[in-house]
Amino acid sequence: MIEPQTAKRDRVRSSGFDVDKDFGFIRGNDPIPNATPVGLEDALHAIGYGVGDLVVRGVAMAEGTRRHARFFLRKTQAGRLDGSGLAVLGRWGVKYPPLAFAFEICDHDSVLGSGANPSRGWRPARCKKCGLDLTVDSGD
């Protein structure tokens with residue numbers, strides 16, 4: 001039996017995360033959630049590869065200060081924001097190079113849905129923590 005709170009959360013997240021409601025840290029008032037430092041070369045490679053379907057300018061709180069930043073937000077296969085991405089924080093001068101962080105609002109824990117057939121590329125799934133639709137269809 002699904003508890004009412006979980007059911008409500010599932011309905012909200014099935015449409016993905018919302019930049020205005022869920023990414024409040026982009027205004028620099030809160031630290032970047034679950035931030036992991038990333039080397040600049042790795043961050044550039046990820047951006048060039050296509051990580052960050054949506055780019056948002058903002059302010060990030062890192063190392064105890066607020067800095068101008070670009071947030072490269074990831075999307076699911078269905079085109080919904082999945083709550084993760086890269087943050088690149090600007091700093092001026094050779095002495096202070098930019099900083100890059102990978103982040104996740106939710107560390108998704110995927111639960112396969114009914115009819116899943118991963119060997120054929122069909123993986124209907126949902127995150128059991130936040131309810132986000134994580135369905136992947138890679139085809140035959």
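If I go through the range 14-35 residue by residue, how many of them are assigned to a helix (DSSP H, G or I), buried (at least 17 other Cβ atoms within 10 Å of the Cβ) and at pLDDT below 90?
1
Just need a number here: residues in the range 59-105 that are aromatic (Phe, Trp, Tyr), surrounded by fewer than 18 Cβ atoms within 10 Å (Cβ to Cβ) and either under 14 Å from the mean Cα position of the chain (by Cα) or at positive phi (or both).
The total comes to 0.
Has the range 109-129 got any residue that is in contact with a Pro (Cβ under 9 Å, 6 or more places away or on another chain) and closer than 20 Å to residue 16 by Cβ?
Yes, the range 109-129 contains a residue that is in contact with a Pro (Cβ under 9 Å, 6 or more places away or on another chain) and closer than 20 Å to residue 16 by Cβ.
Filter the range 36-47 down to the residues that are within 19 Å of residue 91 (Cα to Cα) and in a helix (DSSP H, G or I) and list them by number.
Correct list: 40, 41, 42, 43, 44, 47.
Taking the range 106-132 as the search range and keeping residues that are part of a strand (DSSP E or B) and over 14 Å from the mean Cα position of the chain (by Cα), which one is farthest from residue 38 (Cα to Cα)?
It comes out as 117.
So that you can scan it fast, the table gives a plain yes or no per residue for (1) in contact with a strand residue (DSSP E or B) (Cβ under 7 Å, 6 or more places away or on another chain); (2) within 13 Å of residue 101 (Cβ to Cβ):
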| residue | (1), (2) |
| --- | --- |
| 21 | no, no |
| 27 | yes, no |
| 32 | yes, yes |
| 38 | yes, yes |
| 41 | no, no |
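Can you confirm whether the range 5-13 contains a residue that is modelled with pLDDT of 80 or more and either outside any strand (DSSP E or B) or exposed (fewer than 11 other Cβ atoms within 10 Å of the Cβ) (or both)?
No; the residues of the range 5-13 include none that is modelled with pLDDT of 80 or more and either outside any strand (DSSP E or B) or exposed (fewer than 11 other Cβ atoms within 10 Å of the Cβ) (or both).
Being of a type outside the set (A, V, I, L, M, F, W, C), assigned to a strand (DSSP E or B) and closer than 15 Å to residue 22 by Cα is the filter here; which residues of the range 48-100 pass it?
Scanning the range 48-100 gives 58, 74, 75, 82, 83, 84, 85.
Identify, from the list 48, 24, 52, the residue that is of a type in the set (Gly, Ala, Ser) and at positive phi.
52
Which residues, taken from the range 95-140, are at pLDDT 85 or above and among the small types (Gly, Ala, Ser)?
100, 102
The values are calculated or read from the model by the stated rules, or taken from the named source; none is laboratory data. This structure is a prediction, so every number in the text was calculated from the model and none was measured. No Cβ is skipped: glycine too gets one built from the backbone with ideal geometry, and neighbour counts run over all protein chains shown.
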